[in-house]
Every structure is written in structure tokens, then in C-alpha cells.
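Working notes for the structure below.
The values are calculated or read from the model by the stated rules, or taken from the named source; none is laboratory data. Worth saying up front: this structure is predicted, and the values here are computed from it rather than measured. Cβ placement follows ideal geometry from the backbone for every residue including glycine, while neighbour counts extend to all protein chains displayed. We work out accessible area using only protein heavy atoms, side chains counted, and drop any ligands, DNA or RNA first. Shrake-Rupley method; radii C 1.70, N 1.55, O 1.52, S 1.80 Å.
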Amino acid sequence: MTYRSDRTPGRRRRLVGVAAAAVLLASLLPGTASGQEPAPDPRIGLGAGWLDAQSASNNLELLAHRDKPAGFVNPANPGDFGYAGSDLAFGGAHAFIGNFNGFNIYDISQPANPALVTSVVCPGGQGDLSVHGDLLFMSVEETRGRLDCGTDPAVGTRFQGVRVFDISDVANPVQVAAVQTCRGSHTHTLVTDPDDSANVYVYVSGTAGVRPATTMAGCNNTPAAGDNPARWRIDVIKVPVAAPEQAAIVSGPRLFANPQTGAVDGLQNTPPAPTHPSGGSWSPSPVTDACHDITAYPELGLAAGACEGNGILIDISNPANPVRIDEVSDPNFAYWHSATLSNDGKKVIFTDEWGGGTGARCRTTDQPQWGANAIFDIVDRKMRFASYYKLPVPQTLQENCAAHNGSLIPVPGRDILAQAWYQGGISLLDFTDSANPREIGYFDRGPISPTSIMLGGFWSAYWYNGQVYGSEIARGFDVFGLKPSQDLSAAEIAAAREVRVPEFNAQHQTRTTWTPSLAVARARFDQLARTCTSTISTRHNGPLTVTGVTCLTGATVSGPVTVRPGASLLALGSTISGPVSASNAAAVHLYGSTVRGPVSITGTKGSAAIVQTEISGPAVLTSNRTGTVEPIVADSTVRGPLSCTGNSPAPINLGKANTVQGPVAGQCASLD
């Protein structure tokens, strides 16, 4: 499929008081007054420097920076490709940082004070890393690579492929296997089998020239119609976890084959036009004879491949034998580089590394669909184009810039990506609405050189257990914390930080689930509050009928409140002098409020929460069908009976007992 697009929150224990409610309300309002020109983007005009460049940030706070260690940087030329910092992986309390000259390991148990544990010199280019338990995998692409990690490329046995290290003693990694491949390993993907924990698989994406058979038997550079060409395939390595020294290639899937003819070169074999739409060269050329990156989501049996001239979807239900199930192309994409799937697997973002990562491609003259992200909806395992997203601020001619590596930030109910843009910095992208992606935060430094382009910037920006970590090609290792804003609340950040994983590899996605908590519940409130169609923050005299999304923030309602079917009521730090009744509403949330009357919530379809709220009368929750979101009655006072019947799922109290001055019946009997 080829596509084109031009779319470019005071009585007893209140959660917040009236003053705090006013702060929340203010945070939901636009930042620029009507008729006022927005301030210039502070990223424009940043001063240059290698280790002393000026910086600008929004909703991202730099917690720590560590320069590249000696032996992993050329001080005379910070952009020296032979010492470029590359990709990141994480395991336990450690960050593993790839480098074209080896890798470094940092202790990140104190994220604001990362400590270098050890450095491993092992030249070979690229240096992409993945972690699985006590095993570390490393990509080796360049012909200077030696089997023994030696530094003299003129001697020793050549090695191009994937190294396997034992990191059970993290301070002393030991190479235990090295699997040769015909085109080396530009990147690789760790793939687990949900039905087989004894083995893991490594998908090797090799983009270098084919090695001569004299260095590895069976390698050949024959054309597509020739005998078993080394191009137009990936290599699949099977690794027995208990015996990694037995790692070996078990298949070479032809993911680009034409299903009708069997031709191995069945995808894009020529650029869509003689020149890039900008009028320049394609750089690189979007011709599909390899994948650059493959991102696997084993729990869904799905992977997304960014494969030079195409984006593809892959069935990986049999990890040793992946099969392509869909493909797309784009006349604006110079080089399909990487992919990220949404947590629910219903969206995928592909990046375009126009300029190969070394060119300035975020200039004022560059269109937003060049060197950008393309976002697709996945429907019945087919991809449908939704929109483009590109860094929304121009960079200088001295800064290499294009879309590069990122990962999801686990905010419940939203799709948010932390993404590296080389010297364009880090951008936080909200793509919950796939057709209308938008930036909600950033961090950027000025160029390395004020006069000429020098390779640098963020190779990767990944979320891991509470922080965003960045690998800077020329400058080193950065740690960032999220800051609350009108686009990302403190509760949403807290909910994301509650998600903990034992390890993280960007090309091996795992499903995120959220344990019910006050932060998760409040995050839902904050998200609904951004959709308010009516806001009351002062006094409302008489009854109130709720339609749309009505938000009470520090309000006083002197009368009953009725929530109409399909409508939502969000009350924060408010007082209601009368009953609250909701029948077949979309959502009802009472936070830190007082209701001088009974509360009845029946048939809610979205979410229902009564948190740190005082009710002068009975409270009834009946027949609410809220999917995977449990109704919540927590840390509240009910001056009357509490009855819960027929709710699916049953209400919970998040470990925060209620005070009920009456009988407790039905599903709520177990809450207190």
C-alpha cells in the first residue's frame, strides 16, 4: 500500500482545598492569553559547545549528566564515528550504553547520581545492546571487529555479527558466544517465546555490504534471482538461555518476498522518484534488501519492521520463522529506520532517518513529512496511515537532526513517546489521537560546533522505571525527570513511575499493566478534566443538570446535581448542597468534595470514583459496567448506608478504608 497525506484538579481530609482546585483549573486553561503572541521557542538560538552548550527544556528536568569515559571519546574530534555513543538497554539497577568502541555499564540505583561500574573496550561499530537476565547481546557491524574484541584490526579473526556476554558479574562481563553473520549486525531484536522460556531468539538486521565467503562460508552477493543471496533476508539466532555458547543461526526468513512469485526482492526495489521530494539525493536510498530495525511484541505475536524502503508488520507467533503480513511505503520517506508499537498494539510509529543520521534535516526549509514519524493505526493486522509528526522547532545547519529512537512512557490511558532527534534533542510526543499527534515536552542543547556540522546529539531516549534516559553520541549519558504541566499531571507521572520492569530493551516491547492505585485513579480524573465542556469554579444557585463534561473546581452548588445519560461529572474540592444522581453516565468522579445529600451512581459506562469525599446520606453504586476500570470508593465518609450491587468489575478502595455510619451491603461489604 502506498499512501499520501498533507496532514501535517474544605472539609474532612479533602484531597485538595479550594485554592488547590483553582490551581488545577488554571493548569487546564491555555497558556497564552487571547490575542497574545506566543513567546519564541527557547530552543531557537541556543549557544554552541561540546560540553558547555546552552540548553532549553519544557516538562523535562535534567537530573544528571555523565561525560563519556576515557577510551570512548576522541577529545580532538568529539564526533568521531569510531567512538560514537549508541543504543541503550537496561537490566535491574543498571544501564548498558553501547558505543562503537565497546560499551559502558552504569549503576542507576540512584538515578540522579549514576555511577560508572565498568567499561568494556570491544571495537566493531554500532554497539547496539539488549539484555535478557544474565545475558547481554551486542551488535557488531564493521570489518574492524575482532572475535576476541582486540583493538588492532590488522590481525586476529574477523568478526561481524552478534556477541553474547555473561553479565552475572556485572562488573566483569565475559564473552561466551559470538555468532557470525554475512552482513554483520547493524541492529538486532531480542524476541522471547511466551511458550518457551528456555530459549530466546535474536533477529539480526544487517545492512552492511555482504562479506566475502573467505571470511564466512556461504556468504554471497548474488542478485535476487541468484542462488541463496545474502541480501533480502534477516538472520534468526536461537540462544539456549542455560547454554548461550550454543547460540546459532536457525533460519534466514525472506521477509520481503513476493507471495505470488516467490521473488525474494518483492518490496520496494527502486526509489519512488529519481530524487527526494526536497530535490536532493535520497540519502540513504529507500531500497528494501534488509530491515534496519525490527520491534517485537511477543505477547501479541506481532512485530513491526522498519526496512529501508518499507514498513512491514510481521507475525512472530513462531519466533524462529517470522512471516510478513502487511507492508506500506511512502514517497516522502528516505529510509524506514525504527518502529514503536502502542501498548495495545493498535498503533505503530515508524521513523524516517533522512540523511542517515549525519545530515541537518530539521531546517526551516524542510517539510514536516521529511525525516519525520509516520503514525499508522493497525486494524485487523493491516496498517492505515493516520498522520506525520516531526520535531516542531527548526534546528540549525550545524546540527544533524532526524527522527530516531524512542520508547513509550507508561501513562495509563495515553500513548506518549519519549524520542531522540539527534541534535534536535528529545521530544515528548502524545499520539493518543493518532491523527493529531502533538509535542508535550522537550530537552535540547545547542550545536556542538558553531560553524560546522559535527556528529552528535541523542541516539536514544528511553523511559525506564521512573525516568527518561538519553544516550548522547558525542557528550555522554543523561538522566531526566518528568515535570508536571497542563499536558501531563503529577498523578499521571506518579502512575507511570509505579510501573516497574526487571529489564528493558526498546526493540522488545512488553505489555504494560497498571495496578490500581490512587495515582492511577487520579490520572483518569486529570485526563477527563482536559475535556471539560463546562467549568464551574464559583457558586451555582439552584439545581444543576450535567451535560457534556461538567467540571466543578472549588465550586459551591446550592441544589441537587443530576448527571444526564452519556454525560460526565468531575467534582474537585467542591460542595454540593443536595443529592447527586447519575444514571447511565459516562463518568462520575467526586474528589475531596462534600455532598450534603445522598449519592446514587447507576449504569455508568466509563469510570466512577468517590475519593476523600464526605457524603451526608446513603451512597449507592448499582449496575455500573466500567470495563477494566474498577469503581472506587476510597478514604471517604458516608453518613448513611453504603450499598454496591451488580457492578462489573466490583468496587475497590485501594487500601484506603472508608468511614461508613450505616450498614454496608453487597459488593462494598468487603471494602471496610
Legend entry - Karplus-derived HN-Hα couplings along the stretch 101-106 (A = 6.51, B = -1.76, C = 1.60, θ = phi - 60°), whole Hz, x at Gly and Pro: 10, x, 7, 10, 10, 10
Legend entry - Semi-axis lengths, Å, the stretch 280-364, gyration tensor of Cα atoms, sqrt of 5 times eigenvalues: 26, 13, 10
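Mean separation of Cα pairs under 8 Å and 6+ residues apart, divided by the residue count of the stretch 331-392: what relative contact order is that in percent? Present the calculation step by step, with values, prior to reporting the outcome.
On the way: 113 pairs, mean separation 18.3, N = 62.
The normalised contact order for the stretch 331-392 reaches 30 percent.
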Inset, instruction - Any chance you could look up the accessible area of residue 324 with a 1.4 Å probe, heavy atoms only, rounded to 10 Å²? - result: 50
Legend entry - Intensity falloff of the stretch 541-581 expressed as log10 I(q)/I(0), Debye formula with alpha-carbon point scatterers, at q = 0.14 Å⁻¹: -0.25
Inset, instruction - Give me the percent of the accessible area of the chain that comes from carbon and sulfur atoms, probe 1.4 Å, all protein chains in place. - result: 52
Legend entry - Rounded to whole Å, sorted largest first: equivalent-ellipsoid semi-axes of the stretch 164-207, Cα gyration tensor: 20, 18, 9
Legend entry - Calculated FRET value between residue 577 and residue 656, using beta carbons and R₀ = 30 Å, to 0.05: 0.70
Inset, instruction - Could you tell me the accessible area of residue 623 in Å² (1.4 Å probe, neighbours in place), rounded to the nearest ten? - result: 50
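Determine the gain in length on full extension of the stretch residue 44-residue 273; use 0.36 nm per residue of separation and subtract their C-alpha separation, reporting nm with one decimal.
Here the segment from residue 44 to residue 273 would lengthen by 79.1 nm.
Pop out the Kirkwood hydrodynamic radius of the stretch 492-531 from its pairwise C-alpha distances, inverse of mean 1/r, in Å to one decimal.
Working: mean 1/r = 0.0866 Å⁻¹.
Answer for the stretch 492-531: a Kirkwood hydrodynamic radius of 11.5 Å.
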Inset, instruction - Taking Rg/Rh (Cα atoms, Kirkwood Rh) as the quantity of interest, determine which of (i) 1.05; (ii) 1.02; (iii) 0.97 was computed from the displayed structure. - result: (ii)
Inset, instruction - For the stretch 350-503, build the convex hull from the C-alpha positions and give me its volume per residue in Å³. - result: 122
Legend entry - Spin-label proximity, residue 515 to the stretch 328-358 - amide N less than 19 Å from point 7 Å beyond Cα toward beta carbon: none
Inset, instruction - Take 526, 169, 380 and sort them by solvent-accessible surface of the protein heavy atoms, 1.4 Å probe, largest at the top. - result: 380, 169, 526
Legend entry - Positive-end residue, the stretch 132-229 charge dipole about Cα centroid, Cβ charges, pick of 209, 176, 191: 209
Inset, instruction - Roll a 1.4 Å probe over the protein heavy atoms and report the accessible area of residue 648 in Å², nearest 10. - result: 60
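How would 65, 186, 292 line up by accessible area, probe 1.4 Å, largest first?
Details: 65 55, 186 30, 292 10 Å².
I get 65, 186, 292, largest accessible area first.
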Legend entry - Set of aspartates and glutamates with alpha-carbon distance to residue 346 below 12 Å, sequence-local pairs under 8 removed: 377, 380, 415, 433
Inset, instruction - Arrange the residues 382, 605, 347 by how much accessible surface each exposes, largest first, with a 1.4 angstrom probe. - result: 605, 382, 347
Legend entry - Debye, to nearest 20: dipole size of the chain, +1 on Lys, Arg Cβ, -1 on Asp, Glu Cβ: 2140
Inset, instruction - Kindly provide the helix-only [θ] at 222 nm of the chain, computed as the sum of -39,500 (n - 2.57) over DSSP H runs of four or more divided by all residues, to the nearest 500 deg cm²/dmol? - result: -1500 deg cm²/dmol
Inset, instruction - Run down the lysines and flag those whose C-alpha is under 23 Å from the C-alpha of residue 483, throwing out any fewer than 8 positions away in its chain. - result: 390
Inset, instruction - Could you pull out every one of the aspartates and glutamates with an alpha carbon less than 13 Å from that of residue 238, ignoring same-chain neighbours closer than 8 positions? - result: 193, 196
Legend entry - Heavy-atom accessible area per residue - the chain, 1.4 Å, Å²: 36
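Semi-axes of the equivalent ellipsoid for the stretch 562-629, please: Cα gyration tensor eigenvalues, times 5, square-rooted, ordered largest first, whole Å.
Details: eigenvalues 68, 28, 22 Å².
Three semi-axes, in Å: 18, 12, 10.
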Legend entry - Where labels lie 7 Å past Cα in the beta-carbon direction, separation of residue 198 and residue 258 in nm: 4.2
Legend entry - For the stretch 543-672: relative contact order, % (alpha-carbon pairs under 8 angstrom, 6 or more apart): 15
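Taking the Cα centre as origin and putting +1 on Lys and Arg beta-carbons and -1 on Asp and Glu beta-carbons, what dipole magnitude results for the stretch 133-223, to the nearest 20 debye? Present the calculation step by step, with values, prior to reporting the outcome.
Details: 6 positive and 10 negative charges, 115 e Å.
Roughly 560 debye, rounded to the nearest 20.
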Inset, instruction - Give me the distance in nm between label points sitting 7 Å out from Cα along the Cα-to-Cβ direction at residue 483 and residue 500, one decimal. - result: 2.8
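Taking every DSSP beta bridge with both residues inside the chain, roughly what % is antiparallel (nearest 5)?
Details: 123 of 186 bridges.
Around 65 percent of the beta bridges assigned by DSSP in the chain are antiparallel ones.
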Inset, instruction - Find how many whole Å separate the alpha carbon centroid of the stretch 510-551 from the alpha carbon centroid of the stretch 319-376. - result: 35
